[in-house]
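Structure first, then comments.
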Amino acid sequence: MTELLAQILGITQAWLLAGGVVFLRVGAAFLVLPAIGEHYIPMRIRLGAALAMTVLLTPALAVDLVPAGAQAQAQDFAGYVMTETIAGLLLGLAVRLVAMVLQIAGSMAAQATSLSQIAGGATPEPQPAIAGFLLLAGLTLAVMSGLHVLVARMLMESYDVLPAGRMPLARDVGAWGVDRVGHAFALAFSLAAPFLIASVLYNLALGVINKAMPQLMVAFVGAPAITLGGLVLLLLTTPFLLPVWMRAMQAVLASPMGPLP
């Protein structure tokens, strides 16, 4: 009877340690993931979602983590705290950079169409209204497309690239971060391209008109036109921009640490 209780206690301890290791990665990722990691989501909801994801993933990862948990001591778990937290933050930042693409693109579009000051301070993080609209629309589309399922798959498959207990090399993380940031700005510029082209054409037309009629205050005449044109362009291009962004989001969720598409 004593041996049986000792075995049950050992198995329970192994599962708890394995769950703790999984929670370290999941909790760190949920701090920065888009949608669930937004500042307006209460911390208790984030904690509950992280615990639910941990309960979901731990049995699937039991083959790799439970044997390690059975042999782990207190000092080993302390090492997991650093490695798993860093791994979770890297995974969350990979997805967060894709979400920031919409903010960058919205800021470019608002600056190009003289809409950067409309409702600019309505959010805790001051940003143009177009950026806030695109971000909210993108996150809504991602959640409706099964973001939680993609995140669960990403976290489960991340142990193949970032094994538990192994610290990623700083050189590799630095190169990965530079590539991700460059790709984010390139994608944001591509999404904001219609607004930038419209702004160039508007300013060229304004210059020609000003050259032909110097006495006409073309800036006062053209300001309402560029504002209305920016809103109409936003209405026409948003249904085409969001699917492009969503494909990039799905590609990053499928391979957060891998090569960019």
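What to note about this one:
- Residues whose amide H comes within less than 5 Å of that of Ala192, counting only those at least five positions distant or on another chain, are absent (H built at 1.01 Å from N in the peptide plane).
- Calculated over region 150-261: convex hull of Cα atoms, volume per residue (Å³): 136
- Neighbour-count order for Phe195, Phe189, fewest beta carbons within 10 angstrom listed first: Phe189, Phe195
- For the pair Ser190 and Met217, a Förster radius of 22 Å applied to the C-beta separation gives a FRET efficiency near 0.05, rounded to the nearest 0.05.
- Residues His148, His39 arranged by fewest to most Cβ contacts within 10 Å: His39, His148
- Evaluating 6.51 cos²θ - 1.76 cosθ + 1.60 at θ = phi - 60° for every residue in region 38-51, the Karplus couplings come out as 5, 5, 8, 7, x, 4, 5, 5, 4, 5, x, 5, 5, 5 Hz, glycine and proline recorded as x.
- Note on Val208 and Val178: the model spin-label points, each 7 Å out from Cα along the C-beta direction, lie 4.3 nm apart.
- Amide H contacts under 5 Å for Ala35: none, restricted to partners 5 or more places along the chain or on a different chain, H placed in the peptide plane at 1.01 Å from N.
Throughout, read-outs are computed from the coordinates displayed, never taken from laboratory work. All figures in this text were calculated on a predicted structure; none of them were measured in a lab. Positions of Cβ are generated from backbone atoms using ideal geometry, with glycine treated the same way; all protein chains shown enter the neighbour counts.
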